[in-house]
Ligand SMILES: Cc1ncc(COP(=O)(O)O)c(C=O)c1O
């Protein structure tokens, strides 16, 4: 049994492409071309050259000595926060802009929650000289203001999404609506392993560079490619997918996925999709999602804009359902505390999304000899105001 995607676009029972008829030509064009184009030598060369010289890869695998001492175990941090633009998101946007160019597209649209994907998209559009429109929920525009300013500086147009909870789900709806209206010239750079097939697989493949590097780096540092545990936070699930990708079928490696419990699982203000979700369809994919008894999507809540999403990518729904990954939910308060702790123990200010993953160490006891790799998905510059207000700094 494989935990990776099958040739029909499914992870177990999750995935597929449940799309309105008007989106069919766009999705079909992608489905027929993404593997062919990304396998071309010229594509691979340009992709890896840009990851190296523009993004700054490989990102370091850093042994966090003081954090390890505190929790009496061996913790490595995969430093995606050191990438150009400050998060893992750029690995995917570099891949998709190269694909869009080869498909002859002249306009790019994207959705964003925390703004990191929006910034990464605006960045590659500036790099390639392509028009860029980013949809972002009105609530997220307010709480991630530094990233809104960056997108504008990079030449992108930021369009507020005003419906629903005015967060990531609503921004995604707006982007899909735009794509239906502009099917020929526009490519939609989806920012996580969500959406109709082939997006979850395509984004996972671009992010897989993370686990490819972890294997090499861990072999160098520990004499083994395999850690005992991999830990990553899950919004839609792209940094987690990249972290797990080359380990999915290696069941000696334990996988921990961390979701946002918001104010608490039972408070009605949460984004812990695996625990609270049921099977359903969101943004073109069959997956787990938070919904009411009659199938209406529940508005999610998290202090972290990047985890504030009522669904999860189909890869992760399958990892949850099969028990391959352990899912842990972390509240706003636990995450904020873990973010402050990393700042003061290691001199690294993490994104609030990443702080959720870091809070696992207070939840679960590891053995002294365990080797743990935690994906430090992004830096906290965008969240400074939130940290300052929360801790009254
Ligand atoms: C730093 C960071 N980590 C994690 C996420 C969550 O996204 P994903 O689950 O796709 O990695 C985001 C989303 O914006 C982010 O900015």
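None of the figures in this text is laboratory data; all of them are computed from the coordinates on show. What you see is a predicted model; the values in this text were computed from it and never measured. Cβ: placed from backbone, ideal geometry, glycine included. Neighbour counts: every protein chain shown.
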Using only the alpha-carbon atoms, what does the stretch 270-339 span along each of its principal axes? Please give whole angstrom values in decreasing order.
35, 27, 19
Whole Å is fine, so just give me how far the alpha carbon centre of the stretch 216-253 lies from that of the stretch 330-393.
19 Å
In deg cm²/dmol, rounded to the nearest 500, the helical mean residue ellipticity at 222 nm of the chain, built from -39500 (n - 2.57) for every DSSP H run of length 4 or more, is -12500 deg cm²/dmol
Have a look at 45, 174, 212 and tell me which one the Gaussian network model of the chain (Cα, springs below 10 Å) gives the largest fluctuation.
45
Highest-fluctuation residue, 289, 376, 276 considered, GNM on the chain with Cα pairs under 10 Å
276
Please arrange 53, 383 by counting, for each residue, the other beta carbons lying within 10 Å of its beta carbon, fewest first.
53, 383
Specify the residue with the greatest mean-square fluctuation among 362, 326, 21, computed from a Gaussian network of the chain linking alpha-carbon atoms under 10 Å apart.
21
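Ranking 233, 132 by Cβ neighbours within 10 Å, fewest first, what do you get? Before the final figure, lay out the partial values.
Working: 233 35, 132 24.
With the fewest neighbours first, 233, 132 line up as 132, 233.
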If neighbour count is taken as other Cβ atoms inside 10 Å, put 88, 283 in order from fewest to most.
283, 88
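How high is the relative contact order of the chain? Use alpha-carbon pairs under 8 Å, at least six apart in sequence, and give a whole percent. Before the final figure, lay out the partial values.
Values: 868 pairs, mean separation 81.1, N = 393.
Rounded, it is 21 percent for the chain.
Could you tell me what percent of the DSSP beta bridges with both partners in the chain are antiparallel, to the nearest 5?
That works out to approximately 35 percent antiparallel.
Over the Cα atoms of the chain, compute the convex hull volume and normalise it per residue, giving Å³. Could the numbers behind the result be given before it?
Working: hull volume 50.0 nm³, N = 393.
Taking only Cα atoms, the chain has a hull volume of 127 Å³ per residue.
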